[in-house]
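The values are calculated or read from the model by the stated rules, or taken from the named source; none is laboratory data. Since this is a predicted model, take the numbers as computed values, not measurements. When we count neighbours, we look across all protein chains shown, and the Cβ atoms used for this are built from the backbone with ideal geometry, even at glycine.
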Amino acid sequence: MAEVLLAARLADHGVDAMVASAGTLGWAERGATPHAVSVMGEMGLDLSAHRSRKLAPDQLEVDLVLAMTRDHAGAVVARDKSLAPHVFLPGELVRLLRGSAQEGEAMAKRSMVDRIVAIGASRTGPTIGRPAEEVADPAGEPLDIYRATAARLDRDLTGLAALLGA
């Protein structure tokens, strides 16, 4: 859901970006759950062609990684420590970008990728994000939980797209 939502919200804000998703677990490639397809359809987005895939080393040459949980973020960083400044939870990045907007002209003059890396590099503490910024996987849950998860993702990713498009 996050991939199709982010791609749509970035396009809405005029941000040209390649968006792809991958998981940190080793399951076999499969389609999105019927509930995920249904909920995205309710939002006017087509998830029917989605195929899950495991994160591969060749996918780690990126500007930004959005993880849904702190465990996922940690798994990405464990594969490549140099990615730490590029890995965020969606809500965390929105919060930190909003805070960085108040850091003055020097930060505003940087490219968005440079701003993101600077923000990531300046984090303190052993973990990425806060517990309240995690987005739980709704797999196996009823449709209303998928809707709530999609609404949460849409809020965070719309906010992120607006900041990236500014």
### Summary
Flagged in region 27-69 as loosely packed, with under 15 Cβ neighbours inside 10 Å, in contact with a helix residue (DSSP H, G or I) (Cβ under 6 Å, 6 or more places away or on another chain) and modelled with pLDDT of 95 or more, in numbering order, are none
### Query
Within region 99-117, can one find any residue that is in contact with a Ser or Thr (Cβ under 7 Å, 6 or more places away or on another chain) and either surrounded by 15 or more Cβ atoms within 10 Å (Cβ to Cβ) or under 25 Å from V15 (Cβ atoms) (or both)?
yes
### region 29-49, residues that are without any contact (Cβ under 8 Å) to a residue 60 or more places away in the chain, hydrophobic (A, V, I, L, M, F, W, C) and not in a loop (DSSP other than H, G, I, E, B)
V37
### Message
When you scan region 145-153, do you find a residue that is surrounded by fewer than 20 Cβ atoms within 10 Å (Cβ to Cβ), modelled with pLDDT of 90 or more, among the charged types (D, E, K, R) and under 13 Å from the mean Cα position of the chain (by Cα), even just one?
### Response
yes
### Task
Enumerate the pairs (first residue in region 70-88 and over 22 Å from A132 (Cα atoms); second residue anywhere and among the β-branched types (V, I, T) and in a helix (DSSP H, G or I)) with beta-carbon separation below 9 Å, excluding pairs fewer than 6 apart on the same chain, so at least 6 apart or on different chains.
L83/V76; L83/V77
### Query
What single numbered condition from (1) more than 14 Å from the chain's Cα centre (by Cα); (2) buried (at least 18 other Cβ atoms within 10 Å of the Cβ) fails to hold for V135?
(1)
### Counted residues, region 119-130 - those being touching a helix residue (DSSP H, G or I) at 6+ places or on another chain (Cβ under 7 Å) and either outside any helix (DSSP H, G or I) or hydrophobic (A, V, I, L, M, F, W, C) (or both)
6
